[in-house]
Amino acid sequence: MANHTARLYAVALALVVFFVGWAAIAAQPWAPTAAADPRLQALNVRAALLKQRAAFISQVTALRAKQPAAAAASPAVRVVNLPPLTVTRTS
Amino acid sequence: MTRRTFRAMGTDIELLVDADAATDELDAAEAEFERLEAILSRFRPESELSRLNRDGAIEASADLARVVELAVAARERTAGRFDPTVHDALVAAGYDRSFEEVEDDDAPAPPAAPAGGGVLVDGHRIELAPGVRLDLGGIGKGYAAERAAELLALAGDCLVSAGGDVAVRGGSWPVGVETADGTLTLELTRGGLATSGRDRRRWRRGGREIHHLIDPRTGEPAETDLLRVTVVCSDAVEAEVVAKELFFAGSSAAAGSDVPGVLVTRDGRTLLTGALA
């Protein structure tokens, strides 16, 4: 009985060792790392830029959404007695 | 408060932002002017607008399509008082190059080139009727001021001034307006402001003084008793259109406008309109 159980454990252990060994060899850890494809690198840079641009557009869109439509449609202006920060001239 | 000034679109550009450090946003706003000038300038042979004027039809960028769409809508709304098809009239008057390079000329001006003609915008496709060419100088500056203000607003409340076209986002901004006898300060908290007049961009042709505001109905520099018109509207594009419309209308008609504005007449009077009156 005890021998039978021991044999089963031994077979299971042998199977585990076999598959772990297989996986290790299949991974080819000794192979040199391939140089990164420049096209892939360019694509990654482009993807990062597009992500940045998308975030920027989201910010602008959010800012626009904050402005109530009625407020944006009507200007607000009055005459004041202050020194001007800028002077407008004929364009 | 941070301020940056530079030249673009044939005028002085001023960016003001209520923030101590806004270099990235100021750079973005400045780059936006350069980008839009490269699209909208009629003086750059390689610009999209020049290509449209040469070829008569193009698949345009979103910006050119939008500005042409706004200009055509303004033409309909003002019954032709504002019209982007004044290109040939401006060229005939001698304004055929960047204003810094326009020189006085003793030769008589050729006959006026009438404005008007078909302009079709369908999505990004723009088609001009034969012989029609566009000038988007003023409305392009207003559009650029609005786009730049959007970018600059990411750093804080801001004002963008492109010559006479001003766009604001947040805050309250004292803006000086030249009157007949000094400067009036308007506090602008929302919307856009534009100034149109015959006091700048003038030259002589055939012994006659010419200015750049072409009346689309005659194809000639406008004959009006107004020297300069400043108005405040919902944005700088709309203000640019209304300022020209009132300028061409003359002081009697313009004085009755309900648009907040400052009119300066050639005989030295200053009239306030709308909420400023």
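The values are calculated or read from the model by the stated rules, or taken from the named source; none is laboratory data. Quick caveat: nothing in here was measured; it's all calculated off a predicted structure. Please note: Cβ atoms are built from the backbone with ideal geometry, for glycine as well, and neighbour counts cover all protein chains shown.
B:P114 passes every criterion in (1) farther than 30 Å from B:A253 by Cβ; (2) at pLDDT below 95 apart from (1). Return the residue satisfying two criteria in turn: it lies in segment B:76-95 and is without any contact (Cβ under 8 Å) to a residue 60 or more places away in the chain and within 16 Å of the chain's Cα centre (by Cα), and of such residues it is farthest from B:G206 (Cα to Cα). Filtering segment B:76-95 for residues that are without any contact (Cβ under 8 Å) to a residue 60 or more places away in the chain and within 16 Å of the chain's Cα centre (by Cα), the one farthest from B:G206 (Cα to Cα) comes out as B:P84. So if I check each of A:V45, A:V80, A:V11, A:V87, which one is at pLDDT 90 or above and within 27 Å of the chain's Cα centre (by Cα)? One residue alone meets the criteria, A:V45. Going by the conditions given, is B:L154 within 10 Å of chain A (Cβ to nearest Cβ) and surrounded by fewer than 24 Cβ atoms within 10 Å (Cβ to Cβ)? Taking the combined requirement at face value, the residue satisfies it.
Mind telling me which of the residues A:A23, A:A48 ends up being aliphatic (A, V, I, L, M), part of a helix (DSSP H, G or I) and surrounded by 10 or more Cβ atoms within 10 Å (Cβ to Cβ)?
Numbers: A:A23 fails: surrounded by 10 or more Cβ atoms within 10 Å (Cβ to Cβ).
Being aliphatic (A, V, I, L, M), part of a helix (DSSP H, G or I) and surrounded by 10 or more Cβ atoms within 10 Å (Cβ to Cβ) holds for just one of A:A23, A:A48, which is A:A48.
Determine if segment B:217-225 includes at least one residue that is touching a strand residue (DSSP E or B) at 6+ places or on another chain (Cβ under 6 Å), part of a loop (DSSP other than H, G, I, E, B), among the aliphatic types (A, V, I, L, M) and surrounded by 21 or more Cβ atoms within 10 Å (Cβ to Cβ). Yes, segment B:217-225 contains a residue that is touching a strand residue (DSSP E or B) at 6+ places or on another chain (Cβ under 6 Å), part of a loop (DSSP other than H, G, I, E, B), among the aliphatic types (A, V, I, L, M) and surrounded by 21 or more Cβ atoms within 10 Å (Cβ to Cβ).
Restricting B:L193, B:L271, B:L184, B:L246 to those that are assigned to a strand (DSSP E or B), more than 9 Å from chain A (Cβ to nearest Cβ) and within 22 Å of A:V77 (Cα to Cα) reduces the list to B:L271. If you scan segment B:162-181, which residues turn out to be within 7 Å of chain A (Cβ to nearest Cβ), within 22 Å of B:A144 (Cβ to Cβ) and either part of a loop (DSSP other than H, G, I, E, B) or acidic (D, E) (or both)? Within segment B:162-181, B:G163, B:G164, B:D165 meet the criteria.
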